[in-house]
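Chemist: Before anything else, here's the structure in question.
FYI, it's all coordinate maths here, none of it is from the lab. Computed from a predicted model, the values in this text were never measured in an experiment. Glycine also receives a Cβ, built like all others from the backbone with ideal geometry; neighbour counts cover every protein chain displayed.
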Amino acid sequence: MDTTLQDPLVGHVLDGRYRVDARIAVGGMATVYRAVDTRLDRVLALKVMHPALADDASFVDRFIREAKSVARLAHPNVVGVFDQGTDGSYVYLAMEYVAGCTLRDVLRERGALQPRAALDILEPVLAALGAAHRAGFVHRDMKPENVLIGDDGRVKVADFGLVRAVDTITSTSTTGSVLGTVSYLAPEQIEHGTADTRADVYACGVVLYEMLTGAKPHTGGTAAQVLYQHLHDDVPAPSAAVPGLPVELDELVAGATARNPEIRPYDAVALLAQAREARAALSDEQLDAVPPQARAEVTHNGADDRTSVIPRAIGQGNGDGNGSGSDTAEPLHRTSRLQMPPPQPAPPRRAFAPRRGVLAIVAAVLLVLGAGAGVWYINSGQFTRVPSLLGQSEKEAAKRLSAAGLDVKEMRREYSETYERGTVMNSDPASRARIRDNGSVTLVVSRGPETVKVPDVEGLPLAEAKGELKKAGLAPGIVTRAFSEDVPQGSVVSTDPRAGTERHPDSAIAMVVSKGSPVEVPDVTGESVEDATSELEDAGLTVKVASGRVTSQEAAGSVARQSAAEGERLAKGDTITLTVSKGPRMIPVPDVVGEKVDDAKSTLKAAGFEVEVDRPFLSFSDEIASQSVKEGDEAPEGSTITIRTKGGL
């Protein structure tokens, strides 16, 4: 689809140096163009910030930070940045131009990749990120769209627009939005808004899963659902989607995408070493196994040309008997080779036979021309193509349609973060699509970005608060609970972002819900079950008695242990489980009479008793004369046995 004709920058020389030739891609923050540096006569890519964002100091700062950061990374797998500057309202980066496609394009066309291909892409990506990590930077937005694959097979990492220093707090913006793409965000980015090198490792693990299976590990109808899965669900093993995938690849993905960042490889260099170990452990057969989700590579077979009509020259010889010839252009289908039957020689005895031969040839030619014209009209003559409309104003789009013999059937308006208000963001049929002459086109016109104010739900019960958020076009986000002396239990204490803040539709709103006033847990061990239950219920807690009993030092029938320790703060209504004692275990007492004190103590402690030594007055002996419980008698486990030494007065 050609969208460059409507772009005001195409054909313009930016900053007196960079001639913009074509638009390559449009993102939420910038547009990328193919351009020529007229001073050095080289092709490069220009990344130009959307003019509407140029007034935002934070966006400009992020743009400039990208230039400075990437310029310090001299690595073959990092898209280089040559220059940064401004021209009026345009803020731009001059970057290395990579002719090729993105990993997203490859996945969209091929589905799942063979393990060898996935590792061939992953390893240079990790090498690039490793260089950034060791230089002190975190990318923070790794995804297939930012992996470029050149026509020469080179893999490069692009778009360091969110890069930050490793030792800088990489938190959410002041408005609370999380930077990055939801499908590849690490749990700590979502939960705490911070990221270090291990967040890039997590994103690379998700990208590897997607390359091996052809699908993202976490999906949902809204961004909030995907974020929830990142926080609460492990990334599944790729072999669950691709049976037979080696366990080494499962382990590689599991390690990189561990929800606890402490378990992940520290940085991309460490993950690269693990990836190479995994590759070395696989056989050629395992590396080249074709996953069932892979789609066969599509090759052009000229099928689109089969409906075209082209002229073919047909030589006519001696048709009028005067030796002259002519070439006639005949409409012809490419897959058919229509042959004109040679005219039959006229009988020599009929003077008018040559004239009949000429008439026959003319008739045949007219017949073929008529048939060809009919085929052309049926296949192509009735159709035209929708002109390029994206980015055009409503008036200009209608003018272009009218010039093509088409009209506007309907005009719908939708919100867009990319297209300016009042410009065409889509059409049905799409630009360059075939449509019958005099057909109608539906235009989708941008209403500009949409924002929604967060409603005030503080003090509302959680279910009611969720309903209010959905009614406002927002999504209930993560719910955490905290004690509150003022807000009733189960009601909302606060939201993040706070009420009145503007957010895009379907944004997740986190809520803190009250657990009510805290209850300090009393110690009820050793009490009877009845007394313990009464004391806990009076404090506002719910009591559950475990079905089994355990041996303990507490008397039989009393509370041996409680699920919440003394002094722990719980909410009213929380449940405490009590475990009942069946008394201490009775064990036989060993004979230690005649043994030395230290040996006797060791023997008794090994049997499960506490030991107390009694030395008579003026006794200097170290030999045991007696013990408080006789040999062979049973005593409660953990009880104290007194041993007495010889001697004394």
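Chemist: Taking Cα pairs under 8 Å and at least six residues apart, what relative contact order does the stretch 519-581 come out at, in percent?
Modeler: 47
Chemist: Same structure, new question: Once amide H atoms are built 1.01 Å from N in the peptide plane, which residues 5 or more positions from I509, or in another chain, come under 5 Å H to H?
Modeler: A475, G477
Chemist: Along the Cα-to-Cβ line of R134, 7 Å from the Cα, sits a label point; which residues in the stretch 240-279 have backbone N less than 16 Å from it?
Modeler: 266-276, by backbone N distance to the label point.
Chemist: Return the lysines within reach of K470: Cα separation strictly under 18 angstrom, same-chain partners fewer than 8 residues apart disregarded; answer none if there are no such residues.
Modeler: Counting by Cα, and skipping residues close in sequence, K470 has these lysines nearby: K453.
Chemist: Using the Karplus curve 6.51 cos²θ - 1.76 cosθ + 1.60 with θ = phi - 60°, work out ³J(HN,Hα) for each residue of the stretch 277-294 in order, rounded to whole Hz, and write x for Gly and Pro.
Modeler: For the stretch 277-294, the Karplus curve yields 5, 5, 4, 4, 7, 9, 7, 4, 5, 5, 5, 9, 5, 8, x, x, 7, 6 Hz.
Chemist: Another question, if that's okay. Roughly speaking, what is the stretch gain from A294 to D152, that is 0.36 nm per residue apart minus the C-alpha to C-alpha distance, in nm to one decimal? Walk me through the numbers on the way to the answer.
Modeler: Working: separation 142, 0.36 × 142 = 51.12 nm, distance 2.26 nm.
Here the segment from A294 to D152 would lengthen by 48.9 nm.
Chemist: Let me ask something additional. Can you tell me how much longer the chain between K646 and D591 gets when fully stretched, taken as 0.36 nm per residue apart minus their C-alpha distance, in nm with one decimal?
Modeler: Gain in length upon complete extension: 18.2 nm.
Chemist: Hey, can you grab everything whose amide H is under 5 Å from the amide H of R561? Only 5+ residues off in sequence or another chain; H modelled, so Pro and N-termini drop out.
Modeler: It is T579, by chain and number.
Chemist: Quantify how much of the Cα-Cα distance distribution of the stretch 100-287 extends past 23 Å, in percent.
Modeler: Values: 6564 of 17578 pairs.
That tail contains 37 percent of the Cα-Cα pairs.
Chemist: Using 7 Å Cα-to-Cβ label points, what is the A403/E485 separation (nm, one decimal)?
Modeler: In this crude spin-label approximation the distance works out to 7.4 nm.
Chemist: Residues of the stretch 80-103 with amide nitrogen under 14 Å from the 7 Å Cα-to-Cβ point of R42?
Modeler: Those under the cut-off are 80-84, 94-99.
Chemist: Further, regarding this structure: If you take all C-alpha pairs in the stretch 519-581, what percent of them are over 21 Å apart? If you can, show how the numbers build up before the last one.
Modeler: On the way: 268 of 1953 pairs.
Tail of P(r) above 21 Å: 14 percent of Cα pairs.
Chemist: Might you report the magnitude of the Cβ-based charge dipole of the stretch 513-627 about its Cα centre, with Lys and Arg at +1 and Asp and Glu at -1, to the nearest 20 debye?
Modeler: Details: 12 positive and 21 negative charges, 105 e Å.
Dipole magnitude for the stretch 513-627 comes out near 500 debye.
Chemist: Another question about this same structure. Could you give me the ³J(HN,Hα) list for the stretch 213-228, computed from phi with Karplus coefficients 6.51, -1.76, 1.60 and θ = phi - 60°, whole Hz, x at Gly and Pro?
Modeler: Karplus values, whole Hz, x for Gly and Pro: 10, x, 8, 6, x, 10, 10, x, x, 9, 4, 4, 5, 5, 4, 4.
Chemist: Which of P455, A532, V479 sits farthest toward the positive end of the charge dipole of the stretch 421-540, with +1 on the Cβ of Lys and Arg and -1 on the Cβ of Asp and Glu?
Modeler: P455
Chemist: Calculate the length of the line joining the C-alpha centroid of the stretch 440-489 to that of the stretch 589-610, in whole Å.
Modeler: 70
Chemist: To continue, here is another question. Less than 17 Å apart at the alpha-carbon level, and either on another chain or at least 8 residues along: which lysines does that give for K399?
Modeler: K399 reaches K409.
Chemist: Net charge within 15 Å of D284 by Cβ-Cβ distance, Lys/Arg positive one each and Asp/Glu negative one each, not counting D284 itself?
Modeler: Once all neighbours under 15 Å are counted, the net charge is -2.
Chemist: Considering amide H positions built from the backbone, and no H for Pro or chain starts, which residues 5 or more places from I576, or on another chain, come under 5 Å of its amide H?
Modeler: Counting only residues 5 or more places away or on other chains, the set is T542, V543, K544.
Chemist: Apply the Karplus parameterisation 6.51 cos²θ - 1.76 cosθ + 1.60, with θ equal to phi minus 60°, to every residue of the stretch 242-253 and state each ³J(HN,Hα) to the nearest whole Hz, in sequence, with x for glycine and proline.
Modeler: 10, x, x, 5, x, 5, 4, 6, 4, 5, 4, 5
Chemist: Where a Cα-Cα gap under 13 Å defines reach, which aspartates and glutamates qualify for K466, not counting those fewer than 8 residues away within the same chain?
Modeler: Qualifying aspartates and glutamates at Cα under 13 Å: D456, E458, D506.
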